[in-house]
1. Residue check: is Tyr154 part of a helix (DSSP H, G or I), surrounded by fewer than 18 Cβ atoms within 10 Å (Cβ to Cβ) and either without any contact (Cβ under 8 Å) to a residue 40 or more places away in the chain or not β-branched (Val, Ile, Thr) (or both)?
2. Looking only at the range 105-116, decide whether some residue is open to solvent by 20 Å² or more (accessible area, probe 1.4 Å), under 27 Å from Ala62 (Cβ atoms) and not in a helix (DSSP H, G or I).
3. Could you list, in sequence order, all residues of the range 163-175 that are surrounded by fewer than 14 Cβ atoms within 10 Å (Cβ to Cβ) and farther than 17 Å from Gly47 by Cβ?
4. Of all residues in the range 117-151, which are free of Cβ contacts under 8 Å to residues at least 60 places away in the same chain and part of a loop (DSSP other than H, G, I, E, B)?
5. Lys123 fails exactly one of the following numbered conditions: (1) modelled with pLDDT of 85 or more; (2) in contact with a Lys or Arg (Cβ under 9 Å, 6 or more places away or on another chain); (3) farther than 21 Å from Ile43 by Cα. What is the number of that condition?
6. Since Leu130 meets every condition but one in (1) under 14 Å from the mean Cα position of the chain (by Cα); (2) under 19 Å from Tyr52 (Cα atoms), which condition does it not meet?
7. Name the residue, out of Lys65, Lys73, Lys69, Lys61, that is over 14 Å from Leu118 (Cβ atoms), open to solvent by less than 60 Å² (accessible area, probe 1.4 Å) and without any contact (Cβ under 8 Å) to a residue 24 or more places away in the chain.
8. Just one of (1) under 22 Å from Asp79 (Cβ atoms); (2) in a strand (DSSP E or B) trips up Phe167, so point out which.
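The values are calculated or read from the model by the stated rules, or taken from the named source; none is laboratory data. Just so we're clear, the structure is a prediction, and the values are computed from it rather than from any experiment. For neighbour counting, all protein chains shown are included, and Cβ atoms are generated from backbone atoms with ideal geometry for every residue, glycine included. In case anyone asks, the SASA skips ligands and DNA or RNA and just uses the protein heavy atoms, side chains included. Shrake-Rupley method; radii C 1.70, N 1.55, O 1.52, S 1.80 Å.
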Amino acid sequence: MSREKILAAVKFNQPAANQLPDMEVLNTLTDVRTDLVSKYKTIATAGGSFVYEVSGFDEIKAILKNEFKHGVKIISALDELSDYIYTDTVKFEDGHTFADVELTVLRTSLGVAENGALWLTAKQMGSRVLPFIAQHLAVVIGKDDFVPTMAQAYIAIGDTDYGYGSFISGPSKTADIEQSLVIGAHGPRSLSVFIL
């Protein structure tokens with residue numbers, strides 16, 4: 001009966017419950033005059049991302065055509081890029097079809113200025129594997145879709161049923177092995193962010 005004794009002792013010695021802290025204080029830490037796009041650009045660029053402020057999808061297409069060779073496999077769920085994406089039939093339920101994807105272009109409606117993160121849901125990804133298997137990742141976001149802090153990003157996400165989601169910031173990198181920085185260790189080698 002020692003198990004019951006231990007569990008009873010643990011239950012008896014629980015600390016008193018405390019109320020959760022008031023998170024509203026985080027909203028007062030950010031100056032409302034802060035230019036979130038400029039702050040995002042500074043942080044994201046420092047993290048290795050390429051950030052472009054663009055006026056529309058024609059400008060995005062011009063940048064992509066300049067950066068990527070003609071004929072490479074590009075996957076996008078954006079209708080605005082339908083004339084530029086890989087045209088073969090894509091089975092979004094089978095991640096193996098993306099093994100040779102050079103570029104994935106996605107869209108989000110939430111970015112975080114303080115750490116350069118972008119929130120992507122399964123619906124925005126089309127397939128969970130796309131942002132991680134492509135050699136390069138590009139994300140389109142509106143200039144009004146940034147929040148100052150992660151706390152505010154979590155408030156924006158709230159209790160929304162999105163199935164699966166991920167914050168992505170910068171290209172994949174690690175310095176775990178002999179403290180040498182490796183880009184593209186377990187994901188895209190580059191992240192380009194297009195701010196509309």
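1. yes
2. Looking through the range 105-116, at least one residue is open to solvent by 20 Å² or more (accessible area, probe 1.4 Å), under 27 Å from Ala62 (Cβ atoms) and not in a helix (DSSP H, G or I).
3. Result: Gly163, Tyr164.
4. Those that are free of Cβ contacts under 8 Å to residues at least 60 places away in the same chain and part of a loop (DSSP other than H, G, I, E, B): Gly126, Ser127, Arg128, Val129, Ala134, Gln135, Gly142, Asp144, Asp145.
5. Failed condition: (2).
6. All conditions are met except number (2).
7. Within the list Lys65, Lys73, Lys69, Lys61, the selection yields Lys61.
8. The one condition Phe167 does not meet is (1).
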